[in-house]
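Peer 1: Just passing along the structure, written as structure tokens.
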Amino acid sequence: MVRDYKYDVIVCGGGTSGVSAAIAAARGGAKTLLIERLGALGGQMNVFGPPGFSYAYLYNEAGERVIDGFIGETHERLLKENHARPTDMNAYRSGSDYIFSFVDPEWWGLLIYEMMTENNVNLLLHSLVVDVIKDGSGIHGVVVENAAGRQYFEAKVVIECTGEGDIAVRAGCEYELLPREENEPHTVCFTLDGINWDETLAYIKAHPDQILPRGDMDRTPEERYELIRNVKDIAELGDMLGFFDIMNEAIKNGDWHPYAGMGFFIGPKPDGNHLQAHCQHSAQVPNLWSCDPWDLTYGEVENRRQIKIAVNAFRKYMPGFQNAYLTKMGIEMRLRDGRRIMGDYVLGWDDVAEGRRHFDCIGKSTFSAGAVHVADNRTIAASAKGTVKPPNKGTYDLPYRMLVPRKIENLLIAGKHVSAERCAYQRFLQETMVSGQAAGAAAALCVKHGVTPRQLEAENYIKELQDVLRSQRVILDGVR
Ligand SMILES: Cc1cc2nc3c(=O)[nH]c(=O)nc-3n(C[C@H](O)[C@H](O)[C@H](O)COP(=O)(O)OP(=O)(O)OC[C@H]3O[C@@H](n4cnc5c(N)ncnc54)[C@H](O)[C@@H]3O)c2cc1C
């Protein structure tokens, strides 16, 4: 590590958006520093997670690949090392965009450190960014608190990847935040091992109506059940949420709590050909505000109370889980909902519903608008307006302008809190890597041309940004 205080680009936060932003900025020739409050990189992907699904929605419902770039590169590298599985286009999930390209989150975390070194990203860990250095509306660096006290770092462009937008708010950015009680519940994720998967699969095959439907939604229930009965490896099912009869029995006996549903996601360890269960719907705490530390403290305590109930219930009621044990837990509760920083474009319902194209497209998404987590036994529900998918089994464009915060200069936003209406929240892992990679590439171009991120919105620069992204395998065109 170089002990330096002046950079072209500083990235605040080392989750999925931050690491992809830092690598893209460094690849663009910028002298780059990534600052992370923890000693660990990866965020929800491997530190607070594991998440239920990590590499999903990379294909649209028509089967076209729509997200590649950083996510494709890392999947390929992990596949070569046997720490990932090929994208699973099995019959059960086919016809849907909810298809998994499993990676082992622990090995993903190790790969990320390797990529930091390969790309000459300077790291400053164990360091909390507490403020920005600002002159009028322009940001010129950040203020950091760590074991050495207070430190100042200069940068031509700062990329805010904290997930919560804390730094952007201190810089004076406009944001939206729902009232406390309308926020999605927050969760401490955990992983169970020691499962007899043959027993679990036998139960599911005998009761295929007990898990939430996946795959092509035009199928009749009986067509879906038949596909489930034909599954050979439980990993083909990918996620299994529901288990309504089991959960209701546990509720009747006072063995399940009212805040979450039952179920889990498959977490493969490809090199050991071993499966674990990732649970991220089994503890959920509502009415917490991302900007209120008292709320967050209560959430940490309450999540752990719920996890104890959930693990005991899994062991008592879920077929195959009688000897299951807790093998990993997120180190802290992570937040599904929080501030969204308002930018020059606000991605919204209509973008998704119309499958809108933008001149400044920096990536694609197939993700529907309108689904929300709820803190009850259903776990997931539609918003008051319902849900909508892009038309024609296709995609919508993510415009560069959603990364550029209004009014403030020399700042880019990437990750969960990019500029979007709540219904079109770009918070899923693949989306945070798309916005991270684009913000990093854009920041490097700003440095190269001596322009601000807002000036980069001009068409000639956008074309150059898109060429850079295409050269890094980002998909911007050629798909529905
Ligand atoms: C419980 C839960 C389950 C989820 N499940 C899934 C799922 O199954 N699939 C999916 O695709 N998505 C899932 N998501 C969404 C997705 O995981 C997150 O939205 C995504 O990981 C956010 O990435 P990010 O880079 O924006 O932020 P994060 O991954 O949260 O990273 C932010 C980083 O910034 C650091 N940081 C914060 N503040 C500072 C500061 N002031 N100074 C320095 N560093 C700072 C943090 O320590 C962290 O490392 C889930 C989210 C939650 C909360």
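Peer 1: Please list, ordered by residue number, the strands (runs of 3 or more DSSP E) wholly in region 118-207 having 2 or more residues that are within 16 Å of the ligand (Cβ to nearest atom) and surrounded by fewer than 21 Cβ atoms within 10 Å (Cβ to Cβ).
Peer 2: 122-124, 127-135, 138-146, 149-160
Peer 1: Out of (1) modelled with pLDDT of 95 or more; (2) among the aliphatic types (A, V, I, L, M); (3) surrounded by fewer than 21 Cβ atoms within 10 Å (Cβ to Cβ); (4) more than 9 Å from the ligand (Cβ to nearest atom), the odd one out for MET1 is which?
Peer 2: Exception for MET1: condition (1).
Peer 1: State yes or no: is GLU76 of a type in the set (D, E, K, R), buried (at least 21 other Cβ atoms within 10 Å of the Cβ) and more than 16 Å from the ligand (Cβ to nearest atom)?
Peer 2: Answer is no for this residue.
Peer 1: Then there is this: Looking only at region 305-349, which residues are surrounded by fewer than 16 Cβ atoms within 10 Å (Cβ to Cβ), of a type in the set (D, E, K, R) and under 22 Å from the mean Cα position of the chain (by Cα)?
Peer 2: Once the filter is applied, which keeps residues that are surrounded by fewer than 16 Cβ atoms within 10 Å (Cβ to Cβ), of a type in the set (D, E, K, R) and under 22 Å from the mean Cα position of the chain (by Cα), region 305-349 yields only GLU332.
Peer 1: Would region 450-457 turn up any residue that is among the polar types (S, T, N, Q), over 16 Å from VAL346 (Cβ atoms) and surrounded by fewer than 24 Cβ atoms within 10 Å (Cβ to Cβ)? Explain how you work it out, then say what you get.
Peer 2: Here is the first cut: in region 450-457, the ones among the polar types (S, T, N, Q) are 452, 455.
Narrowing the set further to residues that are over 16 Å from VAL346 (Cβ atoms) leaves 452, 455.
This time we only want the ones that are surrounded by fewer than 24 Cβ atoms within 10 Å (Cβ to Cβ), so: 452, 455.
Taking every residue of region 450-457 in turn, at least one turns out to be among the polar types (S, T, N, Q), over 16 Å from VAL346 (Cβ atoms) and surrounded by fewer than 24 Cβ atoms within 10 Å (Cβ to Cβ).
Peer 1: I need every pair where a residue in region 352-373 that is closer than 23 Å to GLY242 by Cβ has its Cβ under 9 Å from the Cβ of a residue that is among the basic types (Lys, Arg), sequence separation at least 6 or different chains.
Peer 2: Matching pairs, first to second residue: PHE367/LYS389; SER368/LYS389; GLY370/LYS385; VAL372/ARG336; VAL372/ARG422; HIS373/ARG336.
Peer 1: From the list ILE10, ILE71, which residue is more than 7 Å from the ligand (Cβ to nearest atom), buried (at least 24 other Cβ atoms within 10 Å of the Cβ) and within 21 Å of ARG473 (Cα to Cα)?
Peer 2: On the way: ILE10 fails: within 21 Å of ARG473 (Cα to Cα).
ILE71 is the lone residue from the list that is more than 7 Å from the ligand (Cβ to nearest atom), buried (at least 24 other Cβ atoms within 10 Å of the Cβ) and within 21 Å of ARG473 (Cα to Cα).
Peer 1: Suppose we keep only residues that are more than 11 Å from the ligand (Cβ to nearest atom) and not hydrophobic (A, V, I, L, M, F, W, C) within region 415-441. Which one would you say is modelled with the lowest pLDDT?
Peer 2: ARG422
Peer 1: Restricting to region 26-65, name every residue that is among the aliphatic types (A, V, I, L, M) and within 15 Å of the ligand (Cβ to nearest atom).
Peer 2: Here is the first cut: in region 26-65, the ones among the aliphatic types (A, V, I, L, M) are 26, 30, 33-35, 38, 40-41, 45, 47, 56, 58, 62.
Once the filter is applied, which keeps residues that are among the aliphatic types (A, V, I, L, M) and within 15 Å of the ligand (Cβ to nearest atom), region 26-65 yields LEU33, LEU34, ILE35, LEU38, ALA40, LEU41, MET45, VAL47, ALA56, LEU58.
The values are calculated or read from the model by the stated rules, or taken from the named source; none is laboratory data. Everything numeric here is computed off the predicted structure, so don't read it as measured data. For neighbour counting, all protein chains shown are included, and Cβ atoms are generated from backbone atoms with ideal geometry for every residue, glycine included.
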